[in-house]
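A.B. asks: Before anything else, here's the structure in question.
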Amino acid sequence: MRKIVLCLFIATLSLSAMAQKKDTIKTETLKEVTIFASIKESPNEEPAALSTVDAQSIEKRISNQEFPEVLKNTPSAYATKQGGGFGDSRITLRGFGTENIALLINGIPVNGAENGKVYWSNWAGLGDVTRIIQVQRGIGLSKLGLYSVGGTINIVTRPTSTEPYANIYFGVGNDNYNKMMISFSSGENSKGWATNFMLSKAEGDGFVRGTNFQVWNYLLNVSKKINNNHMLLFTAFGANQWHNMRNNKQTIATYDKYGIRYNADFGYLNGEPMGGNNSYNEYHKPQISLSHFWTINEKSSLKTVLYGSIAQGGGRTLLGNYLDAYKTPEGLIDYNSLMYEQMNNDTAKSAYGMSTNSHNWFGLISTYSYNFSDALTLTAGVDARYYKGLHYKEITDLLGGKFFLPKASNYLAYQTPGSHLRVGDRTEYDYISYINQIGVFAQLQYKVGRHNAFVSLTGSDYMFQRKDMGKYGQYGFSVDSMVTKVSTFFPIGIKAGYNFDITEHQRVFVNGGYVTRAPNFDSYYVNRTNNMVKEPTNEKITTVEAGYGIFGRNFNIQLNAYYTIWKDKCFTKFSGTTGASILGINALHKGVELEFSYKPIDVLTLSGNVSIGEWQWTNNVEDAHVFDNNGTILSTVNIYSRGLHVGGAPQSSLSISADWQVFKNLSIGADFNYYDRYYADFYVDGRTTEADKDNDSWRMPSFYTIDLNANYEFKLTDKTSIDVFGNVNNLLNEKYIADAQDGAKHDEATAKVFYGYGTTWTVGVRFNF
């Protein structure tokens, strides 16, 4: 496989080098980046379900919401803040979480290498720098070997500008939220250089108690137009942040007693909130890329990007099991009592550590396009990635004690059992994960007249390896036992689609695909050990989708239907101090989506969608391993999951939006979102006996929210203006459950939940020069 990949890559470069060079029309940076990122400029002509959110809509609606929430008006999309900590949100498409959705930023995949998840706190500044978002539901049109079944979220940041500008933003909001931002562009000079820069800072106390945060966001773009055929673009962006969190769901009765802002995962130390176990995170993941856009001749082009990310950070974790004994009457952590006692003893019964999850990630994507004719285009390329994850738990705070004595089983292999551990020492685990991937992709597109068809092939070589110094470093273990053998997977993907314009105002499309995908690294090995659960196979997904659209002068209507079968899914579920490795579970996701927009008058736009899904697990799982925090297998159980509805997202939803240009400088908007048929996520302990198979997961109450936004522009001169923004989210203060885990009796009383936010607001002003 690696030889095939290398030969194809060399062949791509050879074809490019042999092509005849000719002068071409000037290409703007934005156009180059959107093409590289597979953004479609005419969604109604493509054989897929696409939704686009532009920069204007983002800046009107983002407020102090999480970035995924600007997509909640998208069909079959559900965004939630989960526990309510800054950047802890998640999004689903057609019932699939981000581990099954490809997230691309400027054409670069950024899903977590080990579990496929997206940690939005790492990308907190996207709302400030995004030029366009395009959501491709289903198998999508991305040419890369992403193997995403839920969809693809393409995000393109603002490119360099040919004209100079500058702006300054100030904003405030509920719960002491405040934000400042400055950005400027140099414009393009006579030598073809252009620079954009953005820097912002946001902080606040958070709607949920004890979830204060601070984040610095930045973006730097530098472009160089070498000539009409060559352009370089350097991009660096990231978010350096820390935030306290709410990690644990509570029963509804607990929230009835203390209110929906209640958080049992923090306490006060010297008057300041301090997050507890798994309830504090600090991270910085800068992403740097260098892109080269080469127009070889009138028929061919080569676009190549080199990128890298050296990330550092992790989350706070509890060492010792005595913290539960130090609680206030309200259930908060009583740090003062704990530290007072530990200062009078040499040994710290409890301490805090940092679960570090740093990584070094480098990649290359090179895409070659050749136009055989005006109608037929071939796109082919290579996608190579190298990932090294550094994972260890390090003592950071003895909470008044002088040293810490862990349990005998928590000493690392290279430590002396019984030794005193202090700040800076490691404990419990210390390992490195290696994930290498090299893939090839090719797509042939035929587009002429009323016809638009494509066929796409992808293949990849995934390599997993694990080096564990903490468990196998010394004391009876050989050096070779630290490192596992290389495990290899060869996922493939075959996709095809066809769009036919029936008339100038009607179209139909169909697409389908069969893909296999490697299991996630985190699910492949038993919790933080070199042991593999079973020998898992590639997961297998078969999907088909069809749609019909009708488009008029002032209205659009699109109806889609999808059917997706997922076999041999592999993932890990956690509950309290134990986890379960689930292999070979199958699912069926099917549904319909109706999307519409209507412009009755020039100054008013109405839009919305209706989504109805039916998502279920379709089989039971035998011999699932249950393990503890040390990776020790505690038991083997059967999971009776057949017929359960998939949790994590409402299976029915309705969205209606209105945007009104009241007069030239004033616009207001409103969004109504309604959700129903929302089932709690099942947990393993409640599905291990035959008696459980007759009970579905708890169905949560339906709910709705109403959000308002307004924007007014004061025009001062031709080049200077002031924009004022205002937002109120959840206008009617609707009390609703946003996330839930099923309970022992599969009912409201035993479920554990997170409530959504009540009413929140922001006001901001931006000065444009």
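A.B. asks: When only residues in segment 366-392 that are charged (D, E, K, R) and open to solvent by less than 60 Å² (accessible area, probe 1.4 Å) count, which is nearest to Gln465 (Cα to Cα)?
C.D. replies: Lys388
A.B. asks: Which one is surrounded by the most Cβ atoms within 10 Å (Cβ to Cβ), of the residues in segment 690-717 that are over 21 Å from Gln661 (Cβ atoms) and acidic (Asp, Glu)?
C.D. replies: Among them, the one singled out is Asp692.
A.B. asks: Name the residues in segment 237-279 that are closer than 21 Å to Lys201 by Cα and within 19 Å of the chain's Cα centre (by Cα), would you?
C.D. replies: Passing the criteria: Phe237, Gly238, Ala239, Asn240, Gln241, Trp242, His243, Met245.
A.B. asks: In segment 226-274, which residues are among the small types (Gly, Ala, Ser), crowded, with 19+ Cβ neighbours inside 10 Å and either out of contact with any strand residue (DSSP E or B) (no Cβ under 8 Å at 6 or more places or on another chain) or in a strand (DSSP E or B) (or both)?
C.D. replies: Matches in segment 226-274: Gly238, Ala239, Gly267.
A.B. asks: Can you tell me which residues in segment 179-215 are over 24 Å from the mean Cα position of the chain (by Cα) and basic (Lys, Arg)?
C.D. replies: The answer is Lys191, Arg209.
A.B. asks: Here is a further query. Return the only residue of Asn174, Asn178, Asn189 being open to solvent by 30 Å² or more (accessible area, probe 1.4 Å) and either under 23 Å from Lys81 (Cα atoms) or among the hydroxyl-bearing types (Ser, Thr, Tyr) (or both).
C.D. replies: So the residue among Asn174, Asn178, Asn189 that is open to solvent by 30 Å² or more (accessible area, probe 1.4 Å) and either under 23 Å from Lys81 (Cα atoms) or among the hydroxyl-bearing types (Ser, Thr, Tyr) (or both) is Asn178.
A.B. asks: Taking the conditions exactly as written (hydrophobic (A, V, I, L, M, F, W, C) and farther than 30 Å from Glu428 by Cα), does Phe663 satisfy them or not?
C.D. replies: In short, yes.
A.B. asks: Looking only at strands (runs of 3 or more DSSP E) that lie completely in segment 602-687, which have at least 1 residues being modelled with pLDDT under 95 and either aliphatic (A, V, I, L, M) or under 30 Å from Phe725 (Cα atoms) (or both)?
C.D. replies: Answer list for segment 602-687: 621-627, 633-639, 650-663.
A.B. asks: Given the conditions (1) open to solvent by less than 60 Å² (accessible area, probe 1.4 Å); (2) part of a strand (DSSP E or B); (3) in contact with a Gly (Cβ under 9 Å, 6 or more places away or on another chain), which single one is not true for Val728?
C.D. replies: The single condition Val728 does not satisfy is (3).
A.B. asks: Turning to a different aspect of this structure: Does Asn278 qualify as being surrounded by 19 or more Cβ atoms within 10 Å (Cβ to Cβ) and within 29 Å of His359 (Cβ to Cβ)?
C.D. replies: Judged against the criteria, Asn278 is not a match.
A.B. asks: Output the residues belonging to segment 140-190 that are farther than 14 Å from Leu219 by Cα and of a type in the set (D, E, K, R).
C.D. replies: If the condition is that a residue be farther than 14 Å from Leu219 by Cα and of a type in the set (D, E, K, R), then Lys143, Glu163, Asp175, Lys179, Glu188 are the ones that fit.
To keep it simple, each residue is scored yes or no on (1) without any contact (Cβ under 8 Å) to a residue 60 or more places away in the chain; (2) in contact with a strand residue (DSSP E or B) (Cβ under 9 Å, 6 or more places away or on another chain); (3) open to solvent by 20 Å² or more (accessible area, probe 1.4 Å).
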site	(1), (2), (3)
Asp568	yes, yes, yes
Lys573	no, yes, yes
Asn609	no, yes, no
Asn620	no, yes, yes
His625	no, yes, yes
Gly643	yes, yes, yes
Ser655	no, yes, no
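A.B. asks: A further question follows. Of Val70, Val33, Val5, which residue is outside any loop (DSSP other than H, G, I, E, B), open to solvent by less than 20 Å² (accessible area, probe 1.4 Å), aliphatic (A, V, I, L, M) and at pLDDT below 55?
C.D. replies: None of the other options fit; the residue is Val5.
A.B. asks: Quick check on my filter: what residues within segment 117-164 are open to solvent by less than 10 Å² (accessible area, probe 1.4 Å), among the hydroxyl-bearing types (Ser, Thr, Tyr) and assigned to a loop (DSSP other than H, G, I, E, B)?
C.D. replies: Ser142
A.B. asks: Among Glu539, Glu535, which is out of contact with any helix residue (DSSP H, G or I) (no Cβ under 9 Å at 6 or more places or on another chain), surrounded by fewer than 18 Cβ atoms within 10 Å (Cβ to Cβ), modelled with pLDDT under 95 and farther than 20 Å from Tyr429 by Cα?
C.D. replies: Only one candidate qualifies: Glu535.
A.B. asks: Restricting to segment 393-415, give me the number of residues that are part of a loop (DSSP other than H, G, I, E, B) and open to solvent by less than 80 Å² (accessible area, probe 1.4 Å).
C.D. replies: 10
The values are calculated or read from the model by the stated rules, or taken from the named source; none is laboratory data. Note that this is a predicted model, so its numbers are computed, not measured. Cβ sites come from the backbone with ideal geometry, for glycine too, and all protein chains shown count toward neighbours. The protein model used for the area step is the full one, side chains on, heavy atoms only, and it has no ligands, DNA or RNA in it. Shrake-Rupley method; radii C 1.70, N 1.55, O 1.52, S 1.80 Å.
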